[in-house]
């Protein structure tokens with residue numbers, strides 16, 4: 001599971017569960033974590049203090065940060081300091097950052113994918129850090145938004161994994177095409193072997209075009225089967241795709257577009273939606 005801040009009540013609840021945990025650093029702490037001493041204290045408080053009975057998989061430094069964001073200069077220094085503190089504690093937890101697919105352009109066909117001119121100077125050193133530390137790149141992949149923004153060229157079955165057969169470039173679904181466009185961008189930046197972990201993917205059940213309970217149910221069901229299978233993507237065939245479903249609960253008080261409040265597998269009262 002993934003949590004977006006080091007919530008100590010949640011960490012206490014996870015003790016002894018053996019659930020693999022991915023935990024984000026909150027945005028407001030990023031600048032302070034460029035100080036190695038602060039990063040060491042942060043790791044001690046939120047990671048090593050729980051590491052004997054909480055299974056930390058990844059620490060995420062920055063979620064969908066773009067190169068023009070105020071916090072962008074802090075991402076790599078904070079990643080470096082947190083990784084150093086984790087390594088000093090003899091833990092195997094990996095440190096990464098989560099990007100969104102708008103950092104990649106020319107994504108169709110997927111082999112043409114390349115990081116944008118603005119993103120390349122920002123993401124390049126981060127990619128080098130990940131390669132040197134044996135950590136994956138995390139990416140939030142949302143076929144829903146690609147479909148909604150280009151319904152003229154993208155069919156609903158292609159977005160929901162229900163298309164019969166492959167298209168003229170060999171893809172059966174939009175998820176694979178989006179993921180492979182990031183792999184293509186990594187190849188062009190000199191990291192052909194870097195693994196991608198899909199750190200968010202989901203489909204809203206209300207609030208917008210195609211945002212229906214039935215569509216969301218189909219998407220989550222098919223995504224689970226696809227990610228857990230041995231098919232992979234055309235660029236990375238024959239292996240499962242580590243994927244986090246977004247989200248566990250509807251966020252009925254979340255600001256922004258109506259769809260943002262309807263990605264949960266469960267309702268706010270904890271009842272199951274599907």
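Values in this text are rule-based calculations from the coordinates and carry no lab data. On a predicted model such as this, the values are computed, not experimentally measured, just so you know. When we count neighbours, we look across all protein chains shown, and the Cβ atoms used for this are built from the backbone with ideal geometry, even at glycine.
Enumerate the whole-percent occupancy of each 10 Å bin, from 0 to the last occupied one, for all C-alpha pair distances of region 1-76.
Per 10 Å bin, starting at 0, the Cα pair percentages come out as 19, 50, 26, 5, 0.
Return 178, 79 ranked ascending by Cβ neighbour count within 10 Å, so the fewest neighbours appear first.
Lowest to highest Cβ neighbour count: 178, 79.
In whole angstrom, how long is each semi-axis of the equivalent ellipsoid of region 101-152, when you take the square root of 5 times every eigenvalue of its Cα gyration tensor and sort them from largest down?
Listed largest to smallest, the semi-axes of region 101-152 are 25, 13, 9 Å.
In which sequence would 158, 221 go, from the one with the fewest C-beta neighbours within 10 Å to the one with the most?
221, 158
Which value in nm describes the separation of the simple spin-label points at residue 17 and residue 258, placed 7 Å from the Cα toward the beta carbon?
Label-label distance for residue 17 and residue 258, simple model: 3.3 nm.
In 5 Å bins starting at 0, how do the alpha-carbon pair distances of region 138-178 split up by percent?
Pair shares across the bins are 6, 26, 35, 22, 9, 3.
Picking from 234, 110, 136, which is most flexible by a Gaussian network model of the chain using Cα springs under 10 Å?
234
With the crude spin-label approximation of a point 7 Å out along Cα→Cβ, what separation in nm comes out for residue 213 versus residue 149?
Each label point is offset 7 Å from its Cα along the Cβ direction, giving 3.0 nm.
Using a Förster radius of 35 Å, what is the FRET efficiency between residue 53 and residue 239 based on their Cβ-Cβ separation? Nearest 0.05, please.
Between residue 53 and residue 239 the formula returns 0.70.
Which peptide among 46-53, 251-258 comes first, and what is the full order, when sorted by highest mean count of other Cβ atoms within 10 Å?
My ranking of the peptides, most packed first, is 46-53, 251-258.
What percent does the relative contact order of region 2-266 come to when contacts are Cα pairs within less than 8 Å and at least six residues apart?
Reported relative contact order: 14 percent.
May I ask for log10 I(q)/I(0) of the chain at q = 0.07, 0.15, 0.16 Å⁻¹, from a Debye sum over the Cα atoms as equal point scatterers with solvent left out?
Computed log10 I(q)/I(0) values: -0.25, -1.21, -1.36.
Once you put a point 7 Å from the Cα of residue 9 and another 7 Å from the Cα of residue 116, both along the Cβ direction, what distance in nm separates them?
Those two pseudo-labels are separated by 3.7 nm.
If I take the Cα coordinates of region 141-264 and project them onto the principal axes, what are the three extents in Å, biggest first?
So the extents along the principal axes, rounded to whole Å, are 41, 27, 25.
Could you sort the peptides 19-25, 68-74 by per-residue average Cβ neighbour count (10 Å cutoff), highest mean leading?
19-25, 68-74
Would you please state which residues of region 70-89 a label at residue 35 would reach in this model, taking the label point 7 Å out along Cα→Cβ and a backbone N cut-off of under 11 Å?
none
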